[in-house]
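> My structure is below; once you've seen it, I'll send some questions.
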Ligand code: UDP
């Protein structure tokens, strides 16, 4: 493919996306496929930042519902994203793609701490940068971390990979009349109360004029199509 529409992107992958057919944790074949697809973009000169979720291992809210302190639960959730990120870094290295994990929480000896300067430096050297530990703060999500990092590194596009090929007027699994939107403005998405991301993430991206593309990464090749400007999934724009 030629002429990518974007020079630098931020890709948000949920923890569930790494599970594949497994009930928990990480499916190594999914990890390898994602690493190869992202490597394909990097080889075409596109700078790629990745934010990984942790829901395949742990979500903070879960044990807090059973009485655990929510902040402790969220610390555990952020550590789950570190595990996923280390696994993805390893997958990149195995397919010959240089990658670097930068953490919002200091974890000496395992990965470096996040700084905007360090991230941009690594991106410009052609490394894929994996941002882990979310925002480093409890009560946030990795969607918010994705928008935050996307704004910080001045990404041309934030991509949210899901299991559905875009944003629909209703849940396509429940309503056969649900239609997929090709494009939506932030205002339309908010007025129609369409759940694209949590509101903190969504409003942050809106306030900083970022485009978000929601697409289905379980389809082989969809990532490349989304980045090369094909009509993949749904584009949310200011
Ligand atoms: N988390 C947090 N602060 C952040 C990002 C994540 O406390 O900035 C915690 C929170 O407990 C969350 C968990 O990490 O449930 C995993 O992240 P998320 O639920 O966003 O993962 P995903 O659903 O994308 O797999």
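The values are calculated or read from the model by the stated rules, or taken from the named source; none is laboratory data. In this text the structure is predicted, and so the values were computed from the model without any measurement. Positions of Cβ are generated from backbone atoms using ideal geometry, with glycine treated the same way; all protein chains shown enter the neighbour counts.
> Take residue 41 and tell me if it is within 16 Å of the ligand (Cβ to nearest atom) and crowded, with 20+ Cβ neighbours inside 10 Å.
no
> For the structure I just gave you, tell me whether residue 153 is under 26 Å from residue 61 (Cβ atoms) and either surrounded by 15 or more Cβ atoms within 10 Å (Cβ to Cβ) or in contact (Cβ under 8 Å) with a residue 24 or more places away in the chain (or both).
Here the answer is no, as residue 153 does not meet what is asked.
> Read through the list (1) in contact (Cβ under 8 Å) with a residue 40 or more places away in the chain; (2) within 16 Å of the chain's Cα centre (by Cα), then give the number of the only condition that residue 139 fails.
Single failed check for residue 139: (2).
> Residue 117 is checked against (1) surrounded by 17 or more Cβ atoms within 10 Å (Cβ to Cβ); (2) away from the ligand (no atom under 12 Å from the Cβ); (3) closer than 19 Å to residue 147 by Cα and fails just one. What number does that condition carry?
Failed condition: (1).
> Within the group 55, 49, 73, 60, which residue is near the ligand (Cβ under 8 Å from one of its atoms) and within 20 Å of residue 159 (Cα to Cα)?
That would be 55, the only listed residue that is near the ligand (Cβ under 8 Å from one of its atoms) and within 20 Å of residue 159 (Cα to Cα).
> Under 8 Å between Cβ atoms, which residue pairs at least 6 apart in sequence (or on different chains) link something in the stretch 76-105 that is on the phi > 0 side of the Ramachandran plot and away from the ligand (no atom under 12 Å from the Cβ) with a partner that is modelled with pLDDT of 95 or more and not in a loop (DSSP other than H, G, I, E, B)?
From the stretch 76-105, the pairs are 96/39.
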